[in-house]
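A.B. asks: Have a look at the structure that comes next, please.
Computed from the coordinates by the stated procedures, all read-outs in this text should not be read as laboratory data. The structure presented is a predicted model; accordingly, all values stated were derived computationally and were not measured. A quick note on method: Cβ atoms are made from the backbone with ideal geometry, for glycine too, and the neighbour counts reach across all protein chains shown.
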Amino acid sequence: MLEELEVSNLGPIRSALLTPSKGMTAITGETGAGKSMLLSAIRLISGATASVARVSAGADSAWAQGIFDVDENGEATRLAQDAGVLDTDSEKTDPDPDEIGRQELFLSRTVPASGRSRAVLCGHSVPRNVLGNIASQLVTIHGQADQMRLASPARQREFLDMAADDKAELDAYRQAWEQLQAIDRRLHYVTDQEASARARADYLRESIEQINKVDPKPGEDEELKEKRSRVENAAEIAQGVGSALSALDASQVDSDSDAQGASDAITHAIQALRTIHVGGSFGEAADRLESLNNDLSDIVFSLSNEVDSDEDAEGLDFINSRIHELDELTRRWGPTLEDVIAWRDKAAFEVEDLDASPEKVDELKAERQQAFEKAMKAAEALSKKRKLAAAALANTVTKELSALAMAGSGLEIRVTRRDSAGKGNSASKKNAKDDASSCVSTWPLEVNGIDDIEFLFTPFPGSPQLPMGKSASGGELSRLMLALELSVAEKRGADQSDMTFIFDEVDAGVGGKAAVELGKRLAKLSKTSQVIVVTHLAQVASWADAQFVVSKGKSGVKARNAGSKATVETTVNEVTGDARIHEIARMLSGSESATSLDHAKELLDESRI
C-alpha cells in the first residue's frame, strides 16, 4: 500500500506531497493542470525509463519517492532482502501493535538534468530493474500507456490462473513436467550424444575394472609401507628386541637361562616388602611395584611377540609390488585410497546413465512414457479448472462492463487445447518441432500446461472479437481492466491486500448514471485493495475516501542558462470539508454557484451510502 508519494522538480510540479487513503483516493483538477505528472512519478519509482525533459525548468534534477507499507513476509519484502537492503534479523523495539508483521519500503528515483538517473531502495543505490521488480508486486497502473501488459498471452494466463485459484493443480503439473524434462535430458544424452557417451562409458568401465582388479582396501597402502619398513630393518629390530628381553626376562630369549631379569628382581623386591609387618609406607611401595611389574609383563609379552613374528624378507618384493599398484591408483584417482574407492563407486552409477545399449534406451523410453502420461493427466486437470474459471470470469466481466456504460461489450476467454485440430500458436509448434528433432516430442505439453489462452474483447455490438489491447480506446481498456479486477477481487484476498491499483482515463466517455456506477465499483474494489483514480468526473471523485486537487499557476523561476522568467507551477493539495464540496461543485458545473454547491453536497452524501 502506498503511504506517501513525494515529488520535486518534476515537470510543472516544484514540490508535492501526496498521502493517499488506504481505500480510494481521487486525483482531480482541470485538464492540463499536471495530473499526469503524478503518474509519471509513480512510473519513475517503478523503474520506467527516465527522460531529462521531465526535469523542471531551472532545476538540476527531478526526484520522486514512494513509501510503501507491506507485509514483512510478502514477495516485495523478499525481493528487497535479496537485493541486500533489508536486515532480515532486525527487530523493532517497542513496536506498535498495528506495525507487527509490517515493513516500510522506500522507493526513490533521481533524474538529473544531464547524466544518468539513480534508483534508490531504502537508502541504497540499486539497479533500476530492482525497483521495477519490487514495484510490480505493489502497484498496477491501468492507463492508456500501461494496458499492453495484459495483451501478452503469458500475462493473460497468469491472470486466469489467479482467478481459477488453481495453484494446487498448477504445482502438480509443473512437478510432473520437471520429471518428464529430467528423463528427456537423460534420453537426449544417451541417444544424441551416443558416440561421446560410449567413449565415456568405456573409459569408466576400464577404470572400474582396473581398480577392482587391484581391489584396494582403505588404509592398505600405509599398512604395507609400515610392514616394508619392518622387513627392511628386521635384523636391527631382532637385535634390539632380543637385548631388551634379555634384560627384562631372559627366559623369553633362552628357556634354559638361569639369569635373573628385571621382572624377577621386582618380584623379589615385592616379596621382601610384604614380609615387613611394621606400619609405614612399605605396603604402598609393594603395591606400586606390583603395578609396575604388571606393566613390565605387558611390555615383555608385546616384545616376545615381535621376536615370534615372522617377517619374511623374501616377501619384500611382493610388498613393494603391491605398494606400486596402490600408488598407481592414488596417482590417477586419489590422492588417497578412500578417494579411489569413492570414485569407483560413483563411476558405477554414471556408467548406468551412459549405457546406450538398446535395452537401456528401451528402459528409459518406457520410463519416459509413464512420465508423459502422468504430465498429460495433470495438464488435463489444470485445463479443466481453467476452462470453468474462464467461462465464469468472462460472464462476470461482461456483466460489469454493462454497468460501466459499455452495454454490448463483452469478453471471451478462450482456453484451447494445444492438440485440438492441429491448433496452437506458432511458437508452440516450433518448440514441438525442435523437441521432436532432438529426442521425443513433449507436444502438446509446455511448461505451463496444455492450453493456449486468449482474451478476446468485443468493444461494441457488431464488432468482431479482437485480441485484448488492440481493440479499444484507453478509457474502454481502463474500464475493462476495472471489470477484470473487480471480478477477481475476492480471489486476490489477503495476498493482494498490499496492492495499489491506479486508474487513469477510466472515466473517458462516461457520464450520468454510468459515472455513478463507475465510482461505486472503484469504491468496491478499494475494500480489498488501495485504489487511486485520476478523474474529471464528480460522480467518481465523490466516492473517494480522500481527494487531492492538482492546480496550476505562474511562478518566477531562474532558468539554468537564462535569466528569471515566469513559468507554470503545479501544486497538489488535499481538499476536505467545505473545500472538497467546492471542488466537487466545480467539477459538476465549472462554477461554485449555490445550486452546484447543493448538488455537490447531495452527491457526497449519496456516495457515502
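A.B. asks: For the pair S441 and I276, how long in nm is the line joining their label points, each one 7 Å along Cα→Cβ?
C.D. replies: Inter-label distance under the simple model: 10.6 nm.
A.B. asks: Between R608 and D327, with labels modelled 7 Å along Cα→Cβ, what's the label distance in nm to one decimal, could you check?
C.D. replies: 9.8
A.B. asks: Calculate one ³J(HN,Hα) per residue across region 22-36 by plugging θ = phi - 60° into the Karplus curve 6.51 cos²θ - 1.76 cosθ + 1.60, and present them in order as whole Hz with x for glycine and proline.
C.D. replies: Whole-Hz 3J(HN,Hα) from phi for region 22-36: 5, x, 10, 10, 9, 10, 10, x, 5, 4, x, 6, x, 4, 5.
A.B. asks: Here's something else I'd like to know. What order do you get for 74-83, 48-57 when each peptide is scored by the mean count of other beta carbon atoms within 10 Å, highest first? Don't skip to the answer; put the middle values down first.
C.D. replies: On the way: 74-83: 18.3, 48-57: 16.0.
Ranked by mean Cβ neighbours within 10 Å, highest first: 74-83, 48-57.
A.B. asks: Moving on. Grab the Cα-Cα distance for A182 and A366, subtract it from 0.36 nm times how many residues apart they are, and report the gain in nm with one decimal. Please list the in-between numbers first.
C.D. replies: Numbers: separation 184, 0.36 × 184 = 66.24 nm, distance 1.39 nm.
Difference between extended and current length: 64.8 nm.
A.B. asks: For region 103-117, just list the computed ³J(HN,Hα) in residue order, Karplus coefficients 6.51, -1.76 and 1.60, θ = phi - 60°, integers in Hz, with x standing in for Gly and Pro.
C.D. replies: Whole-Hz 3J(HN,Hα) from phi for region 103-117: 8, 9, 10, 10, 10, 9, 8, 10, 10, x, 5, 8, x, 8, 6.
A.B. asks: Figure the gain on full extension for E350 and R116 (residue separation times 0.36 nm, minus the Cα-Cα span) and round it to one decimal in nm. Let's see the in-between values first.
C.D. replies: Details: separation 234, 0.36 × 234 = 84.24 nm, distance 5.22 nm.
Here the answer is 79.0 nm.
A.B. asks: Still on this structure: Within 10 Å, count the other beta carbons around each residue, average over each peptide in 214-220, 154-160, and list them highest first. Walk me through the intermediate numbers first.
C.D. replies: Numbers: 214-220: 13.3, 154-160: 17.3.
The densest-packed peptide leads the list: 154-160, 214-220.
A.B. asks: Let me ask something additional. For M468, list long-range residues whose amide hydrogen, built 1.01 Å from N in the peptide plane, is under 5 Å from its own amide hydrogen.
C.D. replies: Under 5 Å from the amide H of M468 lie the amide H atoms of F455, F457, each far enough along the sequence or on another chain.
A.B. asks: Next question. Between M162 and K601, what is the label-point separation in nm under the 7 Å Cα-to-beta-carbon projection?
C.D. replies: About 4.2 nm, to one decimal.
A.B. asks: From the backbone phi of region 172-179, what are the Karplus-calculated ³J(HN,Hα) couplings (6.51 cos²θ - 1.76 cosθ + 1.60, θ = phi - 60°) in whole Hz, Gly and Pro given as x?
C.D. replies: For region 172-179, the Karplus curve yields 5, 5, 5, 5, 5, 5, 5, 5 Hz.
A.B. asks: Rounded to the nearest Å, what's the spacing between the alpha carbon centres of region 379-394 and region 195-246? Just the number, please.
C.D. replies: 68
A.B. asks: Once the Cβ-Cβ distance between D287 and L224 is put in as r, and R0 is 51 Å, what FRET efficiency do you end up with, to the nearest 0.05? List each step's numbers first, then the result.
C.D. replies: Numbers: r = 44 Å, r/R0 = 0.86.
Approximately 0.70, to the nearest 0.05.
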